[in-house]
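What follows is a short report on a single structure.
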Amino acid sequence: METTVLGYPRTGARCELELATEAFLAGRETRASLTDTAAALRRQAWETLREAGLSGIPSNTFSLYDHVLDTAVMFNAVPERFTGLDGLNAYFAMARGAEGIAPLELAKWFGTSYQYLVPELGPGTDLRLAECKPVLEYLQARSHGIETRPVLLGPLSFLLLSKPAEPGFRPLDLLDPLLDAYEQLLEKLHTVGVQWVQLDEPVLAADRTGAELAALGHAYQRLGSRIRRPVLLVSTCFGEIGDALPVLAASPVEAIGLDFAAGPGNREALAAIGGIGIKTLVAGVVDGQNAGRADLPAALSLCASLFGLAGNLVVSTSCSLLHVPLDRSLPERSDQLAFARQKVDEVVTLGRALAESDAVPAQLAAAGQPR
């Protein structure tokens, strides 16, 4: 059985990222020093996940500040008031403001304590591929002998999490130019050898309108129909996805990720549509949002009940592990707590238990899975 996580903490065991960022902004450290710290933290995370025994390791989950901001910068969604700045100066001005320049607004990231920076989109926003951070991070990991799965914020979530730059404008009206940019990025990732890409669509945990579901279907029909692209995993989290499930099931993407911790009804919804056929199901059975230990027997039973509802099964966390501390620091409560590092071990343990279980159909055990 294959195992993965949807993301991993990025700050470092001793808050190295925060310290390096503050030193850079205060002028005590150079840009090169901050870049070196970031590269070291990424490598440390990838090596930790490899040594833990995960078969699928995510990349591009690192950010100097916020992954939604990274997506906005990557697709040139930079408001006009920041155009006089460049590079990291513009990036941190968007995050924290600069003299006479207001930053982007902050908003709560679903039900977590995390806050993201809200992109501002208007009719004059020129969405295009402006940089290739996911490609660079994939190549960095590969230079250390680690194959990874780049993680992107999905196009529907990027647009629906954005705010209109002027009254009456609908960010969703920019879907097609945004998809042009995603297609370019997927082709670049394919060209450098990426096998799998994860596109996160957390907005699907909320009720979506008919127009939004139509946009979802349009987006993944376009992206899934591309020839020069990696295999696509569309990952959802933070709840039950309802009417979005049959839309994704009908799309040409190869894998769907479902959160069975915050969305226990996803199991019944999956059965109600007769499963997802030959697609891979990335089963989020280890809670990535809360620091409690997993009920491994219950998770094992849930995984066993999912066989037959998908072509392949991968054991995963329910969401990125960004939302829990990196490692357990209170050994006297080890029977109660599981932080990011321990949750990785829970995923691996579940995968091994399933591989040894009589409940695993032979054809699934032998099938190829997303890495």
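The values are calculated or read from the model by the stated rules, or taken from the named source; none is laboratory data. Owing to the predicted nature of the structure, the values given are computational and were not obtained by experimental measurement. Methodologically, a virtual Cβ is constructed for each residue, glycine included, from the backbone with ideal geometry; neighbour enumeration extends over all protein chains shown. Quick note on the areas: whole protein, heavy atoms, side chains included, nothing else; ligands and nucleic acids left out. Shrake-Rupley method; radii C 1.70, N 1.55, O 1.52, S 1.80 Å.
Of note:
- 0 to 90° range, to nearest 10: angle between helix 340-355 axis and the chain longest Cα axis: 30 degrees
- Crossing angle, helix 210-225 versus the chain [Cα axis fit, 0-90 degrees, rounded to tens]: 80 degrees
- Entry note, the chain: the mean residue ellipticity at 222 nm calculated from DSSP H runs of n ≥ 4, each adding -39500 (n - 2.57), is -12000 deg cm²/dmol after division by the residues and rounding to the nearest 500.
- Interchain or long-range residues, amide H under 5 Å from Leu152's placed H: Gln198, Leu199, Asp200
- Per-residue packing, averaged as other Cβ atoms within 10 Å, sorts the ranges 71-78, 149-156, 312-319 into the order 312-319, 149-156, 71-78, beginning with the highest.
- Each of Ala23 and Arg228 was given a label point 7 Å from its Cα along the Cα-to-Cβ line. The distance between the two points is 4.2 nm.
- Gyration tensor verdict on segment 31-70 (Cα atoms; rounded if a/c is under 1.5, prolate if a/b is larger than b/c, oblate otherwise): oblate
- Expressed in Å, the radius of gyration and Dmax of the Cα atoms of segment 66-144 are 13.9, 43.
- Of the residues His218, Pro202, Thr191, the one whose Cα sits farthest towards the positive end of the charge dipole of segment 175-236 is Thr191 (charges of +1 on Lys and Arg Cβ, -1 on Asp and Glu Cβ, taken about the Cα centre).
- Beta bridges per DSSP, both residues in the chain: antiparallel share near 15 percent.
- Cα-based shape type of segment 109-157, given that a ≥ b ≥ c are square roots of the gyration tensor eigenvalues and the cut on a/c is 1.5: oblate
- 30 Å Cα-Cα reach of Lys163 towards lysines, excluding residues that sit fewer than 8 places from it in its own chain: Lys108, Lys133, Lys188
- A protection proxy built from the mean count of other Cβ atoms within 10 Å ranks the segments 276-287, 135-146, most packed first, as 276-287, 135-146.
- Of Ala26, Ala45, Ala181, the one that fluctuates the most in a GNM where the chain has Cα springs shorter than 10 Å: Ala26
- Angle of helix 296-306 to the longest C-alpha principal axis of the chain, folded into 0 to 90 degrees and rounded to 10: 80°.
- Accessible carbon and sulfur surface of the chain relative to its total accessible area, %, 1.4 Å: 50 percent
- Calculation over all alpha carbon pairs of segment 269-350 in 5 angstrom steps from 0 returns a P(r) of 3, 15, 24, 20, 16, 11, 7, 3, 1, 0 percent.
- Overall form of the chain per C-alpha gyration tensor (a/c, 1.5; a/b vs b/c): oblate
- Spherically averaged projected area of segment 102-256 from its Cα convex hull (nm²): 10.1 nm²
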